[in-house]
Amino acid sequence: MSTENEGNAVPPAPSAPPVPVASPDASPQAHTAPEGTDVPAGPGHQADQQPGQPAPAPQTHQAPQTHHAGQGYPAAPAPGAEPTAPLPPVPGTAPQPPVAGPEGAWPPPPPGTPTYADGAGGAGGGAAWGASYQQPAPKPKGRGGLIAAVLVAALVAGGLGGGLGYTLARNNDNGSSTTVSASDNGAAQVKRAPGTIANVAAKALPSTVTIEAEGSNGDGGTGTGFVFDKQGHIITNNHVVADALDGGKLTATFPDGRKYDAEVVGHAQGYDVAVVKLKNPPSDLNPLPLGDSDKVAVGDETIAIGAPFGLSNTVTTGIISAKNRPVASSDGSATSKASYMSALQTDASINPGNSGGPLLDASGAVIGINSAIQSSGSSGGFGSGGQSGSIGLGFAIPINQAKYVAQQLIKTGKPVYAKIGASVSLEDSTGGAKITDQGADGAAAVEANGPAAQAGLKPGDVITKLDDSVIDSGPTLIGEIWTHKPGDKVTITYKRGGQEHTVQLTLGARAGDS
């Protein structure tokens, strides 16, 4: 299923989430266009995706594209395509299938993709990962208009109250009024014990930051991040810092007003994870505790922290609505590459500007990084024209995966992706991830001596399961492969000539986004 990166419309993502074989309640995932439109993934995505994959256009009559599952990610759909929701199946037009790329081609074309949570290609058709950042720009008309309306209402209410007060005083000069005050210990009776939302928020907020990324051309955006370690590393989304990668400016502001310049240590487009480091970090940094996203259960309470539409330090709550949602998201631009994840779905309110912020469990541990949202497709939005808000469908990168990626970025500055070495179709009508007849640019669909070749896989084989996770499409396979590390042994179930086969293979590795 495709979603938007908190604000920008993105093409649809895979149709159904990977589900354990014995999990009867797993719901299929639907591709949706950036604005809630279903879009089938284009064919031809390499399970180990390679760079250079053109973005599929949201048309219905195009040749399928391929992408190496696990090797890279496909280019984001061309602008103009309706945004799609990452997780939930959404009806809509299907984007053209991506074209098969050479073995290892990067990135594979994304299926319908949700928009980034902060507005950059995020939910809200056309919005970006973060709230739009104009420098130096006047406050957005949306926000100013709302403030103006509030002030007028206050004046009217004040005038009315004054008139009523005068009338009552004149008619009841000798009257009296008796009020009842709360006991002195009333405030102490309010429960803010460990585990309560107020307590969790009070402890987590000091370790979150609002990130402003400004490009050399003045463009930029606002997102969120949180303290990863005591050395000053902040973890966030790749799309949040993208504008500042080439000679731009990056700043991080804490809730107490302290503002620091920062620099990008490493970023991973395919995973949509980035690590930045504060320049001259303070000595009192308190990293947020990291939980175990594998142990999260549907129905668990969630708490999201971010800067929706620029409103820093905002706390919202909800539950885990689903797990293992296959999501492809991007900022909706013609040159954008899609990011793939097997996401945690939450109904906690997430809007443009929340991207990169922590999704916490009831104990205050980070279980995910808020990254994308499904948008209803409505235009406009508070504080930023053209950005739609939350409809209760938010998606977060599981922290177990994000932690591994962040550690790799801090260590080498480059991401490492797991791969199987085969190009797969991005279409969702094959009943699985079908290995294409040819890779991108005429390359072989199955990499010579790669993991898939060594396991005996051939063009035309349809992969239906990876370990116990059901695979219903190429994008689903890519997202599932990327939850693993290079060197992991996995069991692949596939169909050939109507017969089902099972084989074990060891995942290969590809370093870098290109």
Task: 27 Å Cα-Cα threshold exceeded, pairs from Lys279/Lys419; Lys249/Lys337; Lys279/Lys403; Lys411/Lys465; Lys414/Lys495; Lys203/Lys277 - done: Lys279/Lys419; Lys411/Lys465; Lys414/Lys495
Open item on the list: Using Cα-Cα distances under 8 Å and only pairs 6 or more residues apart, what relative contact order does the range 257-318 have, in percent?
Closed with: 19
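Which whole-number value in Å² is the accessible area per residue of the range 220-377, probe 1.4 Å?
Working: 5020 Å² over 158 residues.
Value returned for the range 220-377: 32 Å² of accessible area per residue.
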Task: Equivalent ellipsoid dimensions for the range 219-313 as semi-axes, Å, which come from the Cα gyration tensor, largest first - done: 23, 17, 15
Task: Around Gly218: net Lys/Arg minus Asp/Glu count, Cβ-Cβ under 14 Å - done: -4
Open item on the list: Ranking request for peptides 322-328, 496-502, 241-247, 193-199: highest mean number of other beta-carbon atoms within 10 Å first, then the rest in descending order.
Closed with: 322-328, 241-247, 193-199, 496-502
Task: Residue-span extension gain [Ile197 to Asp292] - 0.36 nm each, minus C-alpha spacing - done: 32.3 nm
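The values are calculated or read from the model by the stated rules, or taken from the named source; none is laboratory data. None of the values given here were measured: they were computed from a predicted structure. Glycine also receives a Cβ, built like all others from the backbone with ideal geometry; neighbour counts cover every protein chain displayed. With ligands, DNA and RNA removed, areas are computed over all heavy atoms of the protein, side chains included. Shrake-Rupley method; radii C 1.70, N 1.55, O 1.52, S 1.80 Å.
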